[in-house]
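Student: Here it is, the structure, as structure tokens.
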Amino acid sequence: MQQRETPAPATFQLLTGAGGPVLAVRGDWTVWTVSGLDAALLEIAAHDSLGAAIDVSALGQLDVAGAYLMDRTVRGGSPCGYTDTPVRILGAHPNVERLIDVARGAARPCPLAPVPYSSLDLLLERAGRGLSQAWLELLDTISFLGQTLTTLGALVLRPKRMRWASMFTVMETAGLNALPIICVLAFFIGIVVAYLGARILADFGASIFTVELVAYAILREFGVVITAILLAGRTASAFTAELGSMKMRQEIDAMRVLGINPMDALVAPRVLAILFMAPLLTFLAILAGLGGGITITWAALGISPLLFLSRIQESVPIEHFFVGMIKAPIFAVVIAVTGCRHGLQTGTDVASLGRRVTTSVVQSIFFVVVLDALFALWFIEIGW
Amino acid sequence: MSAAADSDVAIRVRGLVSQFGTQTVHRGLDLDVYRGEIIGIVGPSGEGKSVLLRQIVALEQPSAGEIHVLGVQVAPRLPSGDLQGLDKRWGVMFQDGALFSTLSVKENVLLPIREHTEITEKLAGELADIKLTMAGLSDEAHHKRPAEISGGMRKRAALARALALEPELLFLDEPTAGLDPVSASRFDRLVRELTDALGLTVFMVTHDLDTLHEVCDRVAVLLSGRVAAIGTIDEVRALTQPWIIEYFSGPRGRAAANSRGK
């Protein structure tokens, strides 16, 4: 098995010859050996070795990196700029002239020195950029929402154009397949709320009100919020990744030139599928959450499931259930629209896809929580 | 296989068999690539040209057969899995460039230099600039992301990255595919010049007849899993195998041959 022989270390000497300075190089000058020479060569380049001849009689292997260093040294040490002075070579070497030609052929004009910015400038620039970015994002979200709604409106008028198969697939993958995880999470949230209630209300001798606490919390907030957050994490990201990779592979462009509107073909089925599935998922999440509550009240407080349910019937008005359910389709649309929008806005590189997926999840959770807070205010005002 | 011949052979492939499920791509393929030559691999689509390239650079293992590159056994992979520094002696340019999209063009070239040598950051930057300019990329392009430059520029950047560590062996997968004829012939000239100046051995998979005429010292034709013909382009053109006749003497083949005749 042959191996390249160990390279001889690269060294040099600056001699004074009859016709001026001579740079005598020795050993192998390759990308593997020249690392130590850089500083020393730069030091002599500025004046001592300017215009020096290169004595290559003791030179071993040479590559572009080595040739570049030699050339840079004899023409003053600058990494850029053109020069006409020919290199004088002393001694014989199979390819030194050629390689120096290559290195010289790759010369570039010196770039202009960049204007220095103060850190305050940079800070202000970033803040400004961030602010205008946020504003543009908001406008974009609203305009995309509008576009989606017009698309859906047009589909209602012409339901034949609806991609039913695509919609049912999404209903299954994004809806049905999310059911187990959503129910398990809601069940555990029910447990947590019931425990909290049992502990705190016991101090007031009002343990029985744990039932109301669980019912209010699960019906109004947790059922729908858990569903929405799961959908945001699971489905918004999937939508962005799917549409984003289609965008990257020019599939979206292909659709457009084939006369297929991606809003019709891709966005509408996804939005509708989530719109239909979210209320169902929320309903089941509510049942699972109540199940968690029942389990704990039964085990810790000895309230039987039957008592739990009949107490809910007596003392929890139906409005609380509607408060949760009304929010479900609205959250669903927000999540689906955010996911699809970021997918369609993916650029052509991998990094932008990653950024878009992250942004889409963060934004949809953000919208869900903010909207939920606004809803809470509103429902309190109307007395629900 | 005498010891003398060994030193002239850069890549030696013996009895290569590649099977993917029920499909056999290579059936006992033998190939020698000599040091300092540019060899062009041609053949119909699906004949396993790119697979052969991937096997030689140790990205895939063949089902049977041996591959030696610069005297190092690549397949079957030695139990140690050690390529004995071979990966620093070859440069590979993939079809679409395979530039790292999160890095700028210049950082793509810097990456192998930073990773494998002890060269200072500043000098490494200068070397990366040199390599990119050698490959024909203007200064503005050096700091752009791969997604922001054209396909032709990406190919040049990929070539610069392949040349970053001054390899002895250069692998090019369809180097001119997707380039306009002017850029393609510029790219051909660039490969030829660099090869002559740096003394590279080049293994090139290509469909471009102009490239074969312009650049390649020898051409190997892969047909039904073997090297059906190998030699200078004129030797191969003279053969009477039907696919070869159709390939070299079809309208495109004739045009490429004529343009060289002028």
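The values are calculated or read from the model by the stated rules, or taken from the named source; none is laboratory data. All values reported here derive from a predicted model rather than from experimental measurement. Because the Cβ atoms are built from the backbone with ideal geometry, glycine has one as well, and the counts that use them run over all protein chains shown. Each accessible area value is taken on the protein alone, full model and side chains, heavy atoms only, with ligands, DNA and RNA left out. Shrake-Rupley method; radii C 1.70, N 1.55, O 1.52, S 1.80 Å.
Student: If I filter segment B:77-108 down to residues being outside any loop (DSSP other than H, G, I, E, B) and among the basic types (Lys, Arg), which single residue comes out as surrounded by the fewest Cβ atoms within 10 Å (Cβ to Cβ)?
Tutor: First, the residues of segment B:77-108 that are outside any loop (DSSP other than H, G, I, E, B): B:86-88, B:90-93, B:105-108.
If we keep only those that are among the basic types (Lys, Arg) too, we end up with B:88, B:106.
Working: B:LYS88: 19, B:LYS106: 21.
Checked segment B:77-108; the qualifying residue surrounded by the fewest Cβ atoms within 10 Å (Cβ to Cβ) is B:LYS88.
Student: Among the numbered criteria (1) in contact with a strand residue (DSSP E or B) (Cβ under 7 Å, 6 or more places away or on another chain); (2) surrounded by fewer than 22 Cβ atoms within 10 Å (Cβ to Cβ); (3) among the β-branched types (Val, Ile, Thr), which single criterion is violated by B:ILE67?
Tutor: Here B:ILE67 clears every test but (2).
Student: Follow-up question, since we're still on this one. Within the set of pairs 6+ apart or on separate chains, which have a first residue in segment A:111-133 that is farther than 30 Å from B:THR133 by Cα, a second that is part of a loop (DSSP other than H, G, I, E, B), and C-beta atoms under 9 Å apart?
Tutor: A:GLU125/A:TYR117
Student: Quick one: is B:VAL74 in contact with a His (Cβ under 9 Å, 6 or more places away or on another chain), assigned to a strand (DSSP E or B) and open to solvent by less than 30 Å² (accessible area, probe 1.4 Å)? Write out each step before concluding.
Tutor: On the way: in contact with a His (Cβ under 9 Å, 6 or more places away or on another chain): yes; assigned to a strand (DSSP E or B): yes; open to solvent by less than 30 Å² (accessible area, probe 1.4 Å): yes.
So B:VAL74 fits the description; yes.
Student: Report every pair of residues separated by at least 6 positions or lying on different chains whose Cβ atoms are under 6 Å apart, first residue within segment A:23-37 and at positive phi, second surrounded by fewer than 21 Cβ atoms within 10 Å (Cβ to Cβ) and of a type in the set (Gly, Ala, Ser).
Tutor: A:GLY27/A:ALA8; A:GLY27/A:GLY60
Student: B:VAL105 fails exactly one of the following numbered conditions: (1) within 27 Å of A:LEU42 (Cα to Cα); (2) among the aliphatic types (A, V, I, L, M); (3) within 12 Å of chain A (Cβ to nearest Cβ). What is the number of that condition?
Tutor: Just one mismatch for B:VAL105, condition (3).
Student: Of A:SER364, A:SER352, A:SER310, A:SER360, which residue is in a helix (DSSP H, G or I), at pLDDT below 90 and hydroxyl-bearing (Ser, Thr, Tyr)? Even if it seems obvious, please write down each step before you answer.
Tutor: On the way: A:SER364 fails: at pLDDT below 90; A:SER310 fails: at pLDDT below 90; A:SER360 fails: at pLDDT below 90.
None of the others qualify; the one that does is A:SER352.
Student: Would you mind listing the helices (runs of 4 or more DSSP H) fully within segment A:219-279 where at least 1 residues are touching a Phe, Trp or Tyr at 6+ places or on another chain (Cβ under 7 Å), surrounded by 18 or more Cβ atoms within 10 Å (Cβ to Cβ) and assigned by TED's automatic domain parsing to the domain that holds A:MET325?
Tutor: Values: elements: A:223-231, A:237-248, A:251-257.
Of the helices (runs of 4 or more DSSP H) lying wholly inside segment A:219-279, those with at least 1 residues that are touching a Phe, Trp or Tyr at 6+ places or on another chain (Cβ under 7 Å), surrounded by 18 or more Cβ atoms within 10 Å (Cβ to Cβ) and assigned by TED's automatic domain parsing to the domain that holds A:MET325 span A:223-231.
Residues are listed down the side, and each one gets a yes or a no for (1) open to solvent by 10 Å² or more (accessible area, probe 1.4 Å); (2) assigned to a helix (DSSP H, G or I); (3) modelled with pLDDT under 90; (4) within 11 Å of another protein chain (Cβ to nearest Cβ):
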residue	(1), (2), (3), (4)
B:LEU137	no, no, yes, yes
B:GLU140	yes, yes, yes, yes
B:GLY152	yes, yes, yes, no
B:GLU166	yes, no, yes, yes
B:SER185	yes, yes, yes, no
B:THR211	no, yes, yes, no
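Student: Kindly indicate the residue of segment A:106-130 that is closer than 27 Å to B:LEU137 by Cβ and open to solvent by less than 100 Å² (accessible area, probe 1.4 Å) and also farthest from the other protein chains (Cβ to nearest Cβ) among those meeting that condition.
Tutor: The selected residue is A:ALA113.
Student: Among the residues of segment A:284-325, what is the count of those that are of a type in the set (A, V, I, L, M) and open to solvent by 70 Å² or more (accessible area, probe 1.4 Å)?
Tutor: Going residue by residue through segment A:284-325, those that are of a type in the set (A, V, I, L, M) are A:284-288, A:290, A:294, A:296, A:299-301, A:303, A:306-307, A:309, A:312, A:316, A:318, A:323, A:325.
This time we only want the ones that are open to solvent by 70 Å² or more (accessible area, probe 1.4 Å), so: A:287, A:299, A:306-307, A:309, A:318.
Matching residues across segment A:284-325 total 6.
Student: OK, next. Do the conditions hold for A:GLY339, that is, is it surrounded by 15 or more Cβ atoms within 10 Å (Cβ to Cβ), part of a helix (DSSP H, G or I), in contact with a Ser or Thr (Cβ under 7 Å, 6 or more places away or on another chain) and away from chain B (no Cβ under 14 Å)? It would help to see each step written out before you state the result.
Tutor: Details: surrounded by 15 or more Cβ atoms within 10 Å (Cβ to Cβ): yes; part of a helix (DSSP H, G or I): yes; in contact with a Ser or Thr (Cβ under 7 Å, 6 or more places away or on another chain): yes; away from chain B (no Cβ under 14 Å): yes.
The answer is yes for A:GLY339.
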